[in-house]
Amino acid sequence: MELMFEFARILLFCFAGELCHTLLPLPIPASVYGLLLLLAALRLGAVKLAQVRRAALFLTGVFPLLFVPAAAGVMELWAQLQAMLLPAVLALVPVTVLVMAVSGRVTQYFVRRKERDHV
C-alpha cells in the first residue's frame, strides 16, 4: 500500500508539471516542470526521499521498456528515414559525445565535492 502512496506523490508532481506547462508561456515540457518541482520539494524537505524512493527506483528500472514502442516506430518508418540517415548520424554523434562528456564532468564534480565535504 505504501508503494501506491509513493506513486501518488510522484504523480502529484507530474500533474503540477502539467499545470505549470499550461499556465506558463515557456517552451518547457511538462515533465521537466514536474521533475524540477519534485527536486525542489526534495531539496527543501517538503518531500523526504524515503517517501518516493521505492516507486522512483521501480520507475527507473522499467524506464528502458518505454523506448520499445519508439524503436518499433523507427523500424516501421525505415524507408522514409533512410534518406535522412547521414544528416542524422552527423548530428547525433557529436551531440552524444558532448552529452557524455558533460555528464562525466558533472558527475566528477559532484563526486569530488562529496569527498571533500566528508573529509
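Read-outs throughout are calculated quantities, based only on the coordinates presented, and are distinct from any laboratory measurement. None of these values were measured; they are calculated from a predicted model. Here Cβ is always computed from backbone atoms with ideal geometry, including for glycine, and neighbour counts include all displayed protein chains.
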Neighbours of ILE10 by Cβ distance under 15 Å: Lys/Arg at +1, Asp/Glu at -1, summed charge +1
Within segment 1-99, DSSP-loop trypsin sites (Lys or Arg not before Pro) with at most 13 other C-beta atoms within 10 Å are LYS48
Taking R0 as 35 Å and r as the Cβ-Cβ distance between MET84 and LEU39, the FRET efficiency 1/(1 + (r/R0)^6), rounded to the nearest 0.05, comes to 0.50
With label points set 7 Å from each Cα along the Cα-to-Cβ direction at LEU66 and VAL99, the distance between them in nm comes to 1.4
Rounded to the angstrom and largest first, Cα extents along the principal axes for the chain equal 51, 39, 33
Given a Förster distance of 30 Å, the FRET efficiency implied by the Cβ-Cβ spacing of THR107 and THR22, rounded to the nearest 0.05, works out to 0.35
Taking alpha-carbon centroids only, segment 48-107 lies from segment 1-39 a number of Å equal to 20
Rounded to the nearest 500, the 222 nm mean residue ellipticity computed for the chain from DSSP H runs (n ≥ 4, each -39500 (n - 2.57)) alone is -26500 deg cm²/dmol
Neighbour-count ranking for GLU76, GLU18, GLU6 (other C-beta within 10 angstrom, fewest to most) reads GLU76, GLU18, GLU6
Neighbours of GLN108 by Cβ distance under 13 Å: Lys/Arg at +1, Asp/Glu at -1, summed charge +4
Any DSSP H helix in the chain with Cα axial reach of 20 Å or more and mean Kyte-Doolittle score of at least -0.5? Listed by number, the hits are 2-23, 30-44, 85-118
